[in-house]
Amino acid sequence: MTTVGHWEPIVTQIWDTVITPCDCCGQVVAKRLWVVDVDGEEHRFCSTRCEELYRTHVVPQRRAETAT
Amino acid sequence: MAAQDRTAEGIGDGIDPVLLGIINNNFVNICREMGITMTRTAFSPIFNEGLDFSCVLFDRHGNMIGQAEFCPAQLAASLFIVRWTVEELGVDSFEPGDVVLHNDPYRGGAHIPEHSVIRPVFHGGELWGFVANVGHLAEIGGKAVGSFAADATEVFQEGLRIPPVKIVSRDENNLDLWRLIMANHRTPRNTWGDLNAQIGSLRVAERRLLELLDRYGAEFVSQAAEELMDYSERWMRAEIAAIPDGSYEFTDWMEDDGVVDEPVKFHVTVTIDGDRMIVDWTGSSPQVRGPINATYGVTSGAVYNAVFHVTDSSIPKNSGAYRPIHIIAPPGTVTNVVYPGPSVGGNTETHPKLVDMVTGALAPVMRDRVAAAEGASACNFLFGGVHPKTGDYYANYHLEGCGWGAKDYDDGNDCTIVVNGNCRNTPVEIFETRYPLETVEYSLIADSGGAGRHRGGLGTRRIMRVGAGAEVTASALFDRTKGEFRAWGLEGGLPGGYGAILVKRNGDTEFRTFPEVYGTVSASKFTNILLKEGDEIMLDAPGGGGFGDPLERDRDAVARDVAEGIVSPEAARDVYGWDG
Ligand SMILES: [Zn+2]
């Protein structure tokens, strides 16, 4: 399911509170994000598992909502 | 498929099933022994009476491989806490004898009082896995005594926040860190005793795990853990696949957030798609100012909790069982608080409502497995002060059991702690021996169980009086005390009774609400009210919802309820149509 993507480290300063959420599930990610293009838009996921969920559930659901 | 068939079919493709069962039981029993260590060595009643802690085993990749019968909310949060800690610190940073401490709600935690300690386990010089203990420390500073500020608007008011840090390095206490922590807690001696009890339980677990690895070989036990996780995943997928495909929705409300007197909306869509389940909280209210926001760990924990309630209880509880369940919790909503939003009540008031919502959504297709709503308030009552007899400062976090929802096949449980905790009732004697609070009444509340063919469980009433020479600073975080926010029924069952926290000041003749007496914004959520000698406080826990039409309730059951004072003769006549 995963297309071309890459892992991107989250670079923080010691005073930063890490607040980078996954674009799919919403959980805050610790050290690195899975960056991938979905339908021409760049998305940042906690894992390839969330990319799959995004492609197979979120995108079809949004399309269905737009269609109705 | 019967559980027995599934066991025979699913478990036999690798390691001998009996041996696999033995390894799994070892994992579970190591966790149980950690728990026994905690209850016998901790200083605070919240641990040795309330059992508000959980013990868990992980492999070196951060997968949960074993747990026992502890608090579901903490068990689920530990999935995120341990993985976060390993990722953030880096797996290579762990050395034998280290213990990492962590209570950050934005890093997987359930709420800030919950302190996790995590210890790596090395075997033959190689990191094999981790043992962890998540426990609710009763006092961690912040604006409220007991660290449960019902009117907090940011995390800084809720207590001392600690990202993953080594509190023990190679079995040497990092005393500078200990001093810093204890300087910020109101009852530092208890912090010392309770955290050391948690850390001690890790040492017990490490010893037992090493015995297991010596006996069977580290490689073999790792393989067994992998197979057990795959087995749990297959079993959970089979359970989910048995639910009809479709999307099921549910909406529920909380009466207020403690800061703004407005109801808060929660919405869920549960999608069954073959052998996977997707639970999406889109549509819930934006994050609120008060502390009833749920962390991602809480919302996920509530989903897992609900799913475990409606699937086969024999599924080994490890990371494999969680794999087919996907959770979407939009950041910045009440189901996924973002920094620096408060969240202390999200773990106690929001979690149980989210559990009920998931099962409520599935009720149309799983009616024989679900229950009506429970009281869904931990009835958090926090108090502290200087004990007039000892001169020592004390603080305690107390929670009450409420009524649980009725089911298609049975009445709801009475006086049971909310579904996110397996916590125990604190005995009357504890209040009277350790704190200056005398118990005036402790009883079940008649008619608090929602009427139905099966009746909701009853809530409890506890009245306590402040003892001679004492002043008690009290805070509370309750819910379901007004309006249409009672525990809902199913299939014609009626809602459960209201919760309440009321006060009768010394010399008064009746109990009144805290807004009436002290001008608090919320009747159910407030912070740092000073109670004086002779003042009485009444804690009413809400009842559970009923299931089915009350007129269809078995007549003998109604008669028994009336005889036992569970249902009043008036309610029996008016609601149940009883003419006995
Ligand atoms: Zn994700």
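Report yes if residue B:363 is buried (at least 24 other Cβ atoms within 10 Å of the Cβ) and among the hydrophobic types (A, V, I, L, M, F, W, C), otherwise no. The answer is no for residue B:363. Counting only strands (runs of 3 or more DSSP E) that sit completely within the range B:79-176, those holding 2 or more residues that are aromatic (Phe, Trp, Tyr) correspond to B:126-136.
Quick one: in the range A:24-68, which of the residues that are open to solvent by 70 Å² or more (accessible area, probe 1.4 Å), in a loop (DSSP other than H, G, I, E, B) and more than 10 Å from every other protein chain (Cβ to nearest Cβ) is nearest to the ligand (Cβ to nearest atom)?
A:39
Of the strands (runs of 3 or more DSSP E) lying entirely inside the range B:451-558, those containing at least 1 residues that are free of Cβ contacts under 8 Å to residues at least 60 places away in the same chain and more than 23 Å from the chain's Cα centre (by Cα) are B:500-504, B:525-532. For the range B:247-256, state whether one or more residues are in contact with a Leu (Cβ under 7 Å, 6 or more places away or on another chain) and either crowded, with 17+ Cβ neighbours inside 10 Å or hydroxyl-bearing (Ser, Thr, Tyr) (or both). Yes; the residues of the range B:247-256 include at least one that is in contact with a Leu (Cβ under 7 Å, 6 or more places away or on another chain) and either crowded, with 17+ Cβ neighbours inside 10 Å or hydroxyl-bearing (Ser, Thr, Tyr) (or both). Of all residues in the range B:139-187, which are closer than 14 Å to residue B:103 by Cβ, at pLDDT below 95 and of a type in the set (D, E, K, R)? Within the range B:139-187, just B:139 meets the criteria.
Scan the range B:264-314 for residues that are part of a loop (DSSP other than H, G, I, E, B) and in contact with a strand residue (DSSP E or B) (Cβ under 9 Å, 6 or more places away or on another chain) and the total you get is 13. When A:28, A:11 are checked against the criterion of being touching a Pro at 6+ places or on another chain (Cβ under 7 Å) and either of a type outside the set (Lys, Arg) or in contact (Cβ under 8 Å) with a residue 60 or more places away in the chain (or both), A:28 stands alone in meeting it.
Looking only at the range B:47-60, which residues are more than 12 Å from the chain's Cα centre (by Cα) and open to solvent by less than 10 Å² (accessible area, probe 1.4 Å)?
B:47, B:55, B:56, B:57, B:58
Applying the criterion of being under 14 Å from residue B:300 (Cβ atoms) and assigned to a loop (DSSP other than H, G, I, E, B) to the residues of the range B:327-353, the residue that is farthest from the other protein chains (Cβ to nearest Cβ) is B:343. For the range B:120-137, does any single residue satisfy the condition of being hydrophobic (A, V, I, L, M, F, W, C), closer than 23 Å to residue B:300 by Cβ and within 14 Å of chain A (Cβ to nearest Cβ)? There is no residue in the range B:120-137 that is hydrophobic (A, V, I, L, M, F, W, C), closer than 23 Å to residue B:300 by Cβ and within 14 Å of chain A (Cβ to nearest Cβ).
So that you can scan it fast, the table gives a plain yes or no per residue for (1) surrounded by 24 or more Cβ atoms within 10 Å (Cβ to Cβ); (2) modelled with pLDDT of 95 or more; (3) of a type outside the set (A, V, I, L, M); (4) in the same structural domain as residue B:26 (by TED's automatic domain parsing):
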| site | (1), (2), (3), (4) |
| --- | --- |
| B:62 | no, no, yes, yes |
| B:68 | no, no, no, yes |
| B:71 | yes, no, yes, yes |
| B:75 | yes, no, no, yes |
| B:85 | yes, no, yes, yes |
| B:108 | yes, no, yes, yes |
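Taking the stated definitions as given, is residue B:499 among the small types (Gly, Ala, Ser), farther than 22 Å from residue B:381 by Cα, crowded, with 16+ Cβ neighbours inside 10 Å and touching a Pro at 6+ places or on another chain (Cβ under 7 Å)? Write out each step before concluding.
On the way: among the small types (Gly, Ala, Ser): yes; farther than 22 Å from residue B:381 by Cα: no; crowded, with 16+ Cβ neighbours inside 10 Å: yes; touching a Pro at 6+ places or on another chain (Cβ under 7 Å): yes.
Taking the combined requirement at face value, the residue does not satisfy it.
When the range B:260-299 is filtered for residues that are away from chain A (no Cβ under 14 Å), open to solvent by less than 40 Å² (accessible area, probe 1.4 Å) and among the β-branched types (Val, Ile, Thr), the ones remaining, listed by number, are B:264, B:288, B:292.
Of the residues examined, residue B:230 is not one that is closer than 25 Å to residue B:88 by Cβ, out of contact with any strand residue (DSSP E or B) (no Cβ under 7 Å at 6 or more places or on another chain) and modelled with pLDDT of 95 or more.
The values are calculated or read from the model by the stated rules, or taken from the named source; none is laboratory data. What you see is a predicted model; the values in this text were computed from it and never measured. A quick note on method: Cβ atoms are made from the backbone with ideal geometry, for glycine too, and the neighbour counts reach across all protein chains shown. Note: areas computed on protein heavy atoms with side chains; ligands, DNA, RNA excluded. Shrake-Rupley method; radii C 1.70, N 1.55, O 1.52, S 1.80 Å.
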